[in-house]
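Data first, discussion second: the structure below is written as structure tokens.
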Amino acid sequence: MSELDKCIKRGGLSRFDRIAPDVVENELASAREDLSDAEFVFGNEMWKRTTVTAYYAMFHSARALVLQRGFAEKSHYCLLVAFRAFYGDDETGRELARGIERARVLRQNADYHADFSPEAAAAVLQVAQRFLAFAESHHGAGTAEGSVGEVEPTDD
């Protein structure tokens, strides 16, 4: 059984048929705002905040893409599994999947262990910039049109 199937089976991903058009755009708007904030705090040498906020720019970008494929996640891990399954078929998608997976670990280390650095912050920020550009270029491809109810928030 694939990791995607395992996430679906255990409830970490839910499938739906339709989504309101503004849901994906709202996720991209959150990603843009987080990326802008991450660039600002990076410029102010706030390495922990950069790491965390840049990760969330990637999270919202990935969430937008997974939502438009007809899935809502209930865990960060299953979101990454779904992103890799849907967009990991070319080198750019694979690189971004590895980038967000590494950023997730760096974000957890920054948040829970006070382990962060200027180098890690710069690396996560760079991937976040590429990730959002990728998400925006794939916006609308494979969209589940229509409307669904509220998408539940995720757990770590």
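Just so it is clear, none of the values below were taken in a lab; they were calculated from the coordinates. The model shown is predicted, which means the values in this text are computed figures rather than measured ones. Reconstructed Cβ throughout: ideal geometry from the backbone, glycine too, with neighbour counts over all protein chains shown.
Before anything else, pin down the relative contact order of the chain: Cα pairs under 8 Å, at least 6 apart, normalised by residue count, whole percent. Walk me through the numbers before you get to the answer.
Working: 237 pairs, mean separation 57.3, N = 156.
Relative CO of the chain lands at 37 percent.
5 Å is the cut-off here: which amide hydrogens, built 1.01 Å from N in the peptide plane, fall below it relative to residue 13, excluding neighbours closer than 5 in sequence?
Answer set, sorted by chain and number: 8, 74.
Evaluate the distance, in nm, between pseudo-label points positioned 7 Å from the Cα of residue 108 and of residue 133 along their respective Cα→Cβ axes.
2.9
Take residue 117, project a point 7 Å from its Cα along the Cβ direction, then tell me which residues of the range 28-72 have their backbone nitrogen under 19 Å from it.
42-43, 45-55
To the nearest 0.05, what FRET efficiency results for residue 5 and residue 45 with a Förster distance of 41 Å applied to their C-beta separation?
On the way: r = 44 Å, r/R0 = 1.06.
Efficiency at R0 = 41 Å is approximately 0.40.
Which value, in debye to the nearest 20, gives the size of the charge dipole of the range 3-138 about its Cα centre, when Lys and Arg are +1 and Asp and Glu are -1 at the Cβ?
540
Quick check on the chain: helices-only [θ] at 222 nm, where DSSP H runs of length 4 and up contribute -39,500 (n - 2.57) each and the sum goes over total residues. Nearest 500, please.
Result for the chain: -23500 deg cm²/dmol, rounded to the nearest 500.
Rg to Rh for the chain: what is it, with Cα atoms only and Rh by Kirkwood?
Values: Rg = 15.0 Å, Rh = 15.5 Å.
Reported Rg/Rh, Kirkwood definition of Rh: 0.97.
Quick one, could you list the DSSP H helices from the chain stretching 15 Å or more along their long axis (Cα atoms) with average Kyte-Doolittle hydropathy of -1.0 or above?
In the chain, the long hydrophobic H runs are 21-43, 47-68, 76-87, 118-138.
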